[in-house]
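Undergrad: Right, I'll just put the structure down here and ask away after.
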Amino acid sequence: MSIKADYLGMPLSIDELDGENLTYFKFCAEHNFHLQLCESCNLLRYPPTTACPWCMRAAAKWVPVEGRGAVHAYTEVQHAIQPAFKAFTPYLVLLVDLDTQKGRPSAQEALRIVGNLTTAAGKLAPRDMVERVGIGTRVRMVFSDVAPGLALPQWTIDENAEQPKPWRYAQT
Amino acid sequence: MPLPTEMDTSSPKHLRDKYAIIGVGETSYTRGSGMTTRALGSWAVRNAIEDAGLRPADVDGMLSYQSGDSTFAPFIAGDLGIRLNFYMDVFGGGSSTEALIGMAMGVIEAGMCKTVVLFRAMNGFSQVRIGGTGARSAVPVSGDMLHSRAYGWQSAGQLFSFTFLRHMYDFGTTPAQVAAVRATHSAHASNNPKAYYKERVSVEDVLASRIICKPLHLLDCCVETDNATAIIVTSAARARDGRHPRALIRGVAGRVCKPRIDMHYQHGPISTVAGKYAREILWPNAGVAPEDVDVTGSYDAFTFTTMLQLEDYGFCKKGEGGQYVSDGTIRLGGRRPNNTSGGHLCEGYTHGMNMVIENVRQLRHDTDDSCPRGADGRRQHSYDYREGGCRQVKDCEVTANLGWAMPGTGSAMVMRRD
């Protein structure tokens, strides 16, 4: 079954043939993050793909993955171009290194998951929260519920983690 | 400058110097062309054919690139009375120019046609805004795009900023260093009568402009314009009869990618761009090294893209790009000027082709600045680079173009004067 939904006034859809994305977002809708694990080389991959980027085998199984990591890079958008986001500036787009599989299969690789900085309830973060986050900030995964079978994985500050001093772009 | 011959190089390439660019043309650079991309395209291609001193019947191949925002080759060929033996319209934006020049060499080498014109026609301001507002942001978000656009991560600036910011984090690159790219290119544009933005701006002006998405200020971003550009490629032998000195193609690298190009940030260091891989093809193919290059055309969709590519192609050490673009090297009058037309930041946005056109003119020693023409019809260059003056680089012999699609994909080309 295909999915058509609305998120912040923006039309989102997944085609019925797109099994990889349907499965990925179904687990997100259950707030239970899963990634594909290659049955040949046992490496996880992100985002969903139709074969393993390291051994090209197609066979994979969906396994639960802990949604914790640290911010590898970010951008703080002050001038939104999509109408859906204009009401939420400044908003952060984060590139997060998952703790799981970091540095594998080579030192420069990691499962780098994209998401916004949100509240624990999955709402785009207010300015005071945006201003606390930079490279190095420890974050945990939360979800923005969109529709049955579709939630977006997001990131919020991991309040239980020991936080390094984040690196932030100096100019406000 | 004496160039290495086949014997001097470890990687002999039999196509080196065998093909040439013999014609270049463009429309004016405007915001609000008031015409279709078809009309823009036929205007630019006609100018290139006339620049080369050819007739339409001399051209039998056509290539174009676009992103669902332009006309197709058959319409341009039809308008200009060109009967084609080969054409192809390719999907893509930045990095396409150099890659398509390589494809033109390949199809001529294969005997499929003799002379190829490539064009890019776009209303990048008045129809499909290249910055992503309007038509592009109205497209529904589906499938694989749910991992990007659903997060308000869509425009080129938003998508590339992880690389830009991480370079600052990894190497201490400062906003003022990269802002020097805009200041420099604006100084070049002030000597280019056809540039859209001809006013000189300072590093302080860039830093005082509003933030779009960190670390990009408004003036770190290129201009959106309506225009078309065209280039004609043929064999060096056929090019002997041309109107201008030939711009001989030394070597090309086309759409070279980092690993995991579906989501290249999976593979670090993310502050490294595709030039790291492309340089291993470009320099051996061309038989020259960065120190042999007189003028660069490093794609300036953003100030950062110029800096990152110059660094990863080896014009300076890794991590020293900020220093390289801010120490005067890339200015007219400096050791190796970059984007002497003003580039995408100032002249106009064409997805890379105007930077190749500029370097062809540099190699002809005939940049279209305000210097007076002599009896032979060519400009008598003063090499006085003050505002409103000359922009010809003295004794320009070798140029390099570094095209950018995104941090993970790039193309490049080296040309030399005949």
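The values are calculated or read from the model by the stated rules, or taken from the named source; none is laboratory data. Treat the numbers as computed from the prediction; the structure is a model and nothing was measured. With ideal geometry, Cβ positions are generated from the backbone for all residues, glycine too; neighbour counts draw on all protein chains shown.
Undergrad: What do you reckon, is residue B:274 touching a helix residue (DSSP H, G or I) at 6+ places or on another chain (Cβ under 9 Å), over 30 Å from residue A:105 (Cβ atoms), at pLDDT 95 or above and hydrophobic (A, V, I, L, M, F, W, C)?
TA: no
Undergrad: Looking only at segment B:113-134, filter to residues that are of a type outside the set (A, V, I, L, M) and touching a Lys or Arg at 6+ places or on another chain (Cβ under 8 Å); which one of those is nearest to residue B:52 (Cα to Cα)?
TA: Within segment B:113-134, the match that is nearest to residue B:52 (Cα to Cα) is B:115.
Undergrad: Working only within segment B:78-100, note down all residues that are in contact with a Leu (Cβ under 7 Å, 6 or more places away or on another chain) and either assigned to a helix (DSSP H, G or I) or β-branched (Val, Ile, Thr) (or both).
TA: Those that are in contact with a Leu (Cβ under 7 Å, 6 or more places away or on another chain) and either assigned to a helix (DSSP H, G or I) or β-branched (Val, Ile, Thr) (or both): B:90, B:100.
Undergrad: Restricting to segment B:208-256, count the residues that are within 14 Å of another protein chain (Cβ to nearest Cβ) and over 16 Å from the mean Cα position of the chain (by Cα).
TA: Filtering segment B:208-256 down to residues within 14 Å of another protein chain (Cβ to nearest Cβ) leaves B:208-221, B:224.
From what's left, over 16 Å from the mean Cα position of the chain (by Cα): B:208-220.
Within segment B:208-256, residues that are within 14 Å of another protein chain (Cβ to nearest Cβ) and over 16 Å from the mean Cα position of the chain (by Cα) number 13.
Undergrad: When you look at residue B:67, is it surrounded by fewer than 20 Cβ atoms within 10 Å (Cβ to Cβ), of a type outside the set (D, E, K, R) and closer than 30 Å to residue B:257 by Cβ, yes or no?
TA: Here the answer is yes, as residue B:67 does meet what is asked.
Undergrad: Picking from A:51, A:70, A:80, which residue would you name as being within 7 Å of chain B (Cβ to nearest Cβ) and either within 13 Å of the chain's Cα centre (by Cα) or not in a strand (DSSP E or B) (or both)?
TA: Numbers: A:51 fails: within 7 Å of chain B (Cβ to nearest Cβ); A:70 fails: within 7 Å of chain B (Cβ to nearest Cβ).
One residue alone meets the criteria, A:80.
Undergrad: Does any residue in segment B:384-399 that is over 21 Å from residue B:293 (Cα atoms) come within less than 8 Å, Cβ to Cβ, of a residue that is hydroxyl-bearing (Ser, Thr, Tyr) and surrounded by fewer than 20 Cβ atoms within 10 Å (Cβ to Cβ) six or more places away or on a different chain, and which pairs are these?
TA: Sorted first by the residue in segment B:384-399, then by its partner, the pairs are B:388/B:370; B:389/B:370; B:389/B:382.
Undergrad: In segment B:150-163, what residues are in a helix (DSSP H, G or I) and either more than 7 Å from every other protein chain (Cβ to nearest Cβ) or of a type in the set (Phe, Trp, Tyr) (or both)?
TA: Correct list: B:151, B:156, B:157, B:159, B:160, B:162, B:163.
Undergrad: Next question, about the same structure. Please work out if residue A:32 is over 18 Å from the mean Cα position of the chain (by Cα) and either surrounded by fewer than 18 Cβ atoms within 10 Å (Cβ to Cβ) or among the hydroxyl-bearing types (Ser, Thr, Tyr) (or both).
TA: Details: over 18 Å from the mean Cα position of the chain (by Cα): no; either surrounded by fewer than 18 Cβ atoms within 10 Å (Cβ to Cβ) or among the hydroxyl-bearing types (Ser, Thr, Tyr) (or both): yes.
Answer is no for this residue.
Undergrad: Among helices (runs of 4 or more DSSP H) lying entirely in segment B:196-290, which contain 3 or more residues that are in contact with a strand residue (DSSP E or B) (Cβ under 6 Å, 6 or more places away or on another chain)?
TA: Correct list: B:275-286.
Undergrad: Now for a separate question. Please identify the pairs in which a residue from segment A:155-172 that is within 9 Å of chain B (Cβ to nearest Cβ) and touching a residue at least 60 places away in the same chain (Cβ under 8 Å) has its Cβ atom under 9 Å from the Cβ atom of a residue that is charged (D, E, K, R) and in a strand (DSSP E or B), counting only partners at least 6 apart or on another chain.
TA: Every condition considered, the pairs that remain are A:169/A:76.
Undergrad: Could you tell me whether residue B:20 is buried (at least 18 other Cβ atoms within 10 Å of the Cβ), among the aliphatic types (A, V, I, L, M), modelled with pLDDT of 95 or more and part of a helix (DSSP H, G or I)?
TA: So residue B:20 does not fit the description; no.
Undergrad: Out of all the residues in segment B:154-182, which are hydrophobic (A, V, I, L, M, F, W, C), more than 26 Å from residue B:261 (Cα to Cα) and either surrounded by fewer than 23 Cβ atoms within 10 Å (Cβ to Cβ) or at pLDDT below 95 (or both)?
TA: Within segment B:154-182, just B:176 meets the criteria.
Undergrad: Check segment A:115-123 and report whether any residue there is more than 12 Å from chain B (Cβ to nearest Cβ), more than 24 Å from residue A:36 (Cα to Cα) and either β-branched (Val, Ile, Thr) or touching a Cys at 6+ places or on another chain (Cβ under 7 Å) (or both).
TA: Yes; the residues of segment A:115-123 include at least one that is more than 12 Å from chain B (Cβ to nearest Cβ), more than 24 Å from residue A:36 (Cα to Cα) and either β-branched (Val, Ile, Thr) or touching a Cys at 6+ places or on another chain (Cβ under 7 Å) (or both).
Undergrad: When you scan segment B:227-246, do you find a residue that is within 20 Å of residue B:358 (Cβ to Cβ) and in contact with a His (Cβ under 6 Å, 6 or more places away or on another chain), even just one?
TA: Scanning segment B:227-246, I find no residue that is within 20 Å of residue B:358 (Cβ to Cβ) and in contact with a His (Cβ under 6 Å, 6 or more places away or on another chain), so the answer is no.
Undergrad: Let me ask something else. Which fully enclosed strands (runs of 3 or more DSSP E) of segment A:1-46 have 3 or more residues being touching a strand residue (DSSP E or B) at 6+ places or on another chain (Cβ under 8 Å), within 11 Å of chain B (Cβ to nearest Cβ) and under 15 Å from residue A:152 (Cβ atoms)?
TA: Once the strands (runs of 3 or more DSSP E) in segment A:1-46 are filtered for at least 3 residues that are touching a strand residue (DSSP E or B) at 6+ places or on another chain (Cβ under 8 Å), within 11 Å of chain B (Cβ to nearest Cβ) and under 15 Å from residue A:152 (Cβ atoms), what remains is A:3-7, A:10-14.
Here is a yes/no grid of residues against (1) under 22 Å from residue B:300 (Cβ atoms); (2) touching a Pro at 6+ places or on another chain (Cβ under 9 Å); (3) charged (D, E, K, R):
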| position | (1), (2), (3) |
| --- | --- |
| B:199 | yes, no, yes |
| B:210 | yes, no, yes |
| B:221 | yes, no, no |
| B:227 | yes, no, no |
| B:234 | no, no, no |
| B:237 | no, no, no |
| B:263 | no, yes, no |
| B:274 | yes, yes, no |
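Undergrad: Take segment A:129-172 and flag every residue that is among the basic types (Lys, Arg) and in contact with a helix residue (DSSP H, G or I) (Cβ under 6 Å, 6 or more places away or on another chain).
TA: Within segment A:129-172, none qualify.
Undergrad: Of all residues in segment A:99-113, which are part of a strand (DSSP E or B) and without any contact (Cβ under 8 Å) to a residue 40 or more places away in the chain?
TA: A:109
Undergrad: Next question. Quick one: count up the residues across segment B:119-143 that are in a helix (DSSP H, G or I) and facing chain A (nearest Cβ under 7 Å).
TA: Total satisfying the criteria: 2.
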